[in-house]
Each structure stands twice: as structure tokens, then as C-alpha cells.
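Inspection log for the structure reproduced underneath, given as C-alpha cells.
The values are calculated or read from the model by the stated rules, or taken from the named source; none is laboratory data. Just so we're clear, the structure is a prediction, and the values are computed from it rather than from any experiment. Methodologically, a virtual Cβ is constructed for each residue, glycine included, from the backbone with ideal geometry; neighbour enumeration extends over all protein chains shown. When the accessible area is computed, the model is the full protein with side chains, heavy atoms only, and any ligands, DNA or RNA have been set aside. Shrake-Rupley method; radii C 1.70, N 1.55, O 1.52, S 1.80 Å.
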Amino acid sequence: MPGAWFVRIKSATFHISARDIEKAPEWDRPEFAFIGRSNVGKSSMINMLSNKNGLAKVSATPGKTQLLNFFVMNETWSLVDLPGYGFAKVAKSEKINFNESVGDYLNSRENLRRVFTLIDSRLPPQRIDIDFINWLGETGVPFALVFTKADKQSAGKTQASVDTFLAAMPEHLKGVPPVIISSSKDRTGRVAILKLIEQGLD
Ligand code: GDP
């Protein structure tokens, strides 16, 4: 089966935490970034994808979560754990106002292949998620939507939540990003995410 080898993560190592883009590793490894509101399940997902329980800290302390965390996977590509935007203020202009280093990274990182934006599948569309996706769409970076914690409710409820979210997205972005339903608890979505990553390696 083409690509079947890839879902086997043979190695996953932490490389560095960078305060800003200046401190990011100078390499040309393809990078795949993960972002979402705090508590969305990002750390659990990184641990699930890598098969390493302690790789990303689950519910890490707030200070640490402001850094760009770089991991090296299979010695070929990098998974980048970006700071969550849950505790950032949304400006009155309704422009999203998140960590500046995240904005710099997403705007300028040439080896960034795709951003996985995590959304809690149990919640109605959150303004901050929609604003972020709108902003991301303007950068032109490929992205995907990952609806997390699907094990916490029925498949029907999750699908309804996905549909409501997609309906709330800006018209020009509808149908653009791949959509993945995930659960770190039962490992749903793992293969779909790794396959998208594999496609981005070409
Ligand atoms: P982060 O702040 O986005 O990194 O979120 P964490 O990974 O720390 O998860 C926040 C909380 O949600 C923790 O209590 C996790 O155990 C829980 N959680 C994360 N993912 C899942 C999931 O897929 N299913 C369930 N049931 N709980 C999850």
C-alpha cells in the first residue's frame, strides 16, 4: 500500500523551544505545525501521533506554552507545536491578536508545508477559531482542520458540529481545507493526519 510505511513513526525527538522565529532551527526540513486554543487537545495529539506519551506536555504550564517547540520525526521532518491562542486577546477590530512569534512563523517560514488547526468538536463555532482561519487563509499556507475529542460524543453530534463550523467559515475558504475528525484517546484521525503530512513531503 503506497505510504503505509509512513504511519510508522520510528523516531520522535524534541529539538528546541524557540522564543521567536530568529531562534528557530536553520534547516530545510519540511515542517508541519499544530495550533489551536489552549485545552483543545494539542499536546495529547502530538503524543498520539508520535507514539510517545511524554513528548509534548499535556496541560503544560502557561509560560512554556508561549514558545515554538520543534520536534524531529523519523529524522526527516519536523513537527512544530505552536503556542495556543486561547488566552490571547482578540482586538476590538476583530483582528486576531495572538503571539507575535506565531504570526512571524506562519507568515515567513519557507519550509512550512501545512498547518493543522485544532478545533474542539464539542463546541459551537468559536469566533477566535474562525478569525484565526480567516487570517491563515490570507497567508496562503496550506492548512487542515482537525476536530478533536470526538470520543466524547456520538459520531452524529461530531458531524453536526463539523457541519456547523464549516457553515460559519468565510465563503472563500469553504471546501478549501481537508477536514479530519480525531480522538487522541482512541487514535482516530492519526492515519489521516500522517497521510496529509506524507503528501506534504514531496
Ligand atoms: P492542549 O492544551 O491543547 O495541549 O490540550 P491537552 O492535550 O493538554 O488536553 C487538554 C485536556 O483534554 C486534557 O485533560 C486531556 O486529557 C484531554 N484530552 C485531550 N485530547 C482528548 C481526546 O481526544 N479525548 C478525550 N476524551 N480527552 C482528551
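Converting phi to 3J(HN,Hα) with the Karplus coefficients 6.51, -1.76 and 1.60 and the offset θ = phi - 60°, region 138-146 yields 6, 6, x, 6, x, 9, 9, 9, 10 Hz in sequence order, with x at every glycine or proline. Mean sequence separation of contacting Cα pairs (under 8 Å, at least six apart), scaled by the length of the chain, corresponds to a relative contact order of 24 percent.
Taking Lys and Arg as +1 and Asp and Glu as -1, the other residues whose beta-carbon sits under 14 Å from that of residue 191 total +2. Between the amide H of residue 181 and those of 147, distances stay under 5 Å, these residues lying 5 or more places away or on another chain, with hydrogens modeled in the peptide plane. Evaluating kT/(6 pi eta Rh) at 4 °C and 1.567 mPa s, with the Kirkwood radius of the chain over Cα pairs in the Stokes-Einstein relation, gives 76 µm² s⁻¹.
For residue 143, nonlocal amide neighbours, meaning residues 5 or more places apart or on other chains whose placed amide H falls under 5 Å from its own, are 115.
Treating only the Cβ atoms of Lys and Arg (+1) and Asp and Glu (-1) as charged, compute the dipole magnitude of region 99-201 about its Cα centre; round to the nearest 20 debye.
Rounded to the nearest 20 debye, it is 500 debye.
Of the accessible area of region 12-201, computed with a 1.4 Å probe over protein heavy atoms only, carbon and sulfur atoms account for 49 percent. This model, with +1 at the C-beta of Lys and Arg and -1 at the C-beta of Asp and Glu, gives region 12-201 a dipole about its Cα centre of some 720 debye. Accessible area per residue for the chain is 50 Å², calculated with a 1.4 Å probe on protein heavy atoms, without ligands, DNA or RNA. State which entries of 10/42; 23/195; 52/149; 52/174 exceed 26 angstrom in Cα-Cα distance in the structure shown. In this structure, 23/195; 52/174 exceed 26 Å between Cα atoms. Here the 3J(HN,Hα) profile of region 148-163, calculated from phi with Karplus coefficients 6.51, -1.76 and 1.60 at θ = phi - 60°, is 8, 6, 4, 5, 7, 8, 6, 4, x, 5, 4, 4, 5, 5, 4, 4 Hz, Gly and Pro shown as x.
Amide H to amide H, with H built 1.01 Å from N, residue 112 comes under 5 Å of 31, counting only residues 5 or more places away or on other chains.
Phi angles of region 107-118 translate, via the Karplus equation with coefficients 6.51, -1.76, 1.60 and θ = phi - 60°, into HN-Hα couplings of 7, 10, 6, 6, 8, 6, 9, 7, 10, 9, 9, 8 Hz per residue; Gly and Pro are given as x.
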